[in-house]
Structures are given as C-alpha cells and as structure tokens.
Amino acid sequence: QVQLVESGGGSVQPGGSLRLSCAASGSIFRFYTVGWYRQAPGKQRELVARIISGGTTDYTDSVKGRFTISRDNAENTVYLQLSSLKPEDTAVYYCNAKLGGLEVWGQGTLVTVSS
C-alpha cells in the first residue's frame with residue numbers, strides 16, 4: 001500500500017510562491033494518478049490539479065497559469081508549484097493517489113496567503 005507524505009506548505013504574501021511535495025513509498029507509485037486537492041475553511045474539498053502516469057496534466061480553472069503539477073518517478077514524488085498566490089488560495093492542500101480501486105490520501109499541508 002502506497003503511503004503519502006506532503007510537505008512544503010507555509011505562509012506567504014500575495015504574489016508569492018511555494019512548492020509542495022508529495023513523497024510516496026512503494027515502487028509502483030509511477031503508475032498512480034496523483035491529484036492535489038485543497039480544502040479552505042468552511043468549504044468543500046476541491047481538486048486543484050492532477051497528473052496521470054503518462055504525464056498528462058489538468059487543472060481547475062482558478063489555478064491555470066499559476067500552478068504547475070509535475071512528477072519525478074525516480075524520486076517517487078509529485079510536486080505542485082504554486083505561483084502568483086492569492087489570499088483565496090489559502091487552504092489545506094492534500095495529495096491523493098489512485099490506481100484502479102486503490103485510493104490513498106496524505107495528511108495535508110497548510111498554505112496561508114496573507115499580507
């Protein structure tokens with residue numbers, strides 16, 4: 001069973017950048033579809049970006065052009081580069097990995113965007 005550990009969250013000013021990491025255990029991680037979700041206070045969890053095993057990516061409209069998802073299969077890690085951050089990006093960001101009927105969540109990492 002794959003296990004996920006997120007890191008890289010923190011507090012930044014509007015316009016700033018962060019890079020989130022999702023490190024996985026397990027040699028077959030490269031076959032998983034990995035998504036970054038976020039949940040702001042009082043709101044539902046939403047999919048932010050997703051990358052499939054072949055490298056194809058997709059993003060929710062509100063982050064297109066600002067966030068970039070990538071994966072390093074040699075390091076068993078998926079990254080989410082957050083740029084041009086806005087206060088509305090404040091949330092707990094979760095990594096999710098899916099393969100067939102398997103689904104795994106990380107513990108989340110907090111991103112706070114505030115002046």
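The values are calculated or read from the model by the stated rules, or taken from the named source; none is laboratory data. Note that the coordinates shown come from a computational prediction; the quantities given were computed from them, not determined experimentally. A quick note on method: Cβ atoms are made from the backbone with ideal geometry, for glycine too, and the neighbour counts reach across all protein chains shown. In case anyone asks, the SASA skips ligands and DNA or RNA and just uses the protein heavy atoms, side chains included. Shrake-Rupley method; radii C 1.70, N 1.55, O 1.52, S 1.80 Å.
Quick notes
- The residues of region 87-110 that are surrounded by fewer than 21 Cβ atoms within 10 Å (Cβ to Cβ) and among the aliphatic types (A, V, I, L, M), listed by number, are Val92, Leu99, Leu102, Val104, Leu110.
- Taking the criterion of being of a type outside the set (Gly, Ala, Ser) and part of a loop (DSSP other than H, G, I, E, B), the residues of region 77-92 that qualify are Leu85, Lys86, Thr90.
- Region 77-93 residues that are closer than 11 Å to Ala49 by Cα, paired with ones that are modelled with pLDDT under 95 and in a loop (DSSP other than H, G, I, E, B) (beta carbon under 8 Å, 6 or more apart): none
- Strands (runs of 3 or more DSSP E) completely within region 1-76 that count 1 or more residues being within 18 Å of Leu99 (Cα to Cα), open to solvent by 50 Å² or more (accessible area, probe 1.4 Å) and in contact with a strand residue (DSSP E or B) (Cβ under 8 Å, 6 or more places away or on another chain): 4-7, 46-51, 57-59, 67-72
- Close pairs from region 49-73: first within 15 Å of Leu18 (Cα to Cα), partner at pLDDT below 95 and loosely packed, with under 12 Cβ neighbours inside 10 Å, Cβ under 9 Å, at least 6 apart: Ser70/Gly55
- Check on Ser84, in contact with a Gly (Cβ under 7 Å, 6 or more places away or on another chain), loosely packed, with under 14 Cβ neighbours inside 10 Å and either at pLDDT 95 or above or farther than 18 Å from Glu6 by Cβ (or both): yes
One line per residue, one yes/no per condition, for (1) at positive phi; (2) hydroxyl-bearing (Ser, Thr, Tyr):
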| site | (1), (2) |
| --- | --- |
| Gly65 | yes, no |
| Asn73 | no, no |
| Leu99 | no, no |
| Gln107 | no, no |
| Ser114 | no, yes |
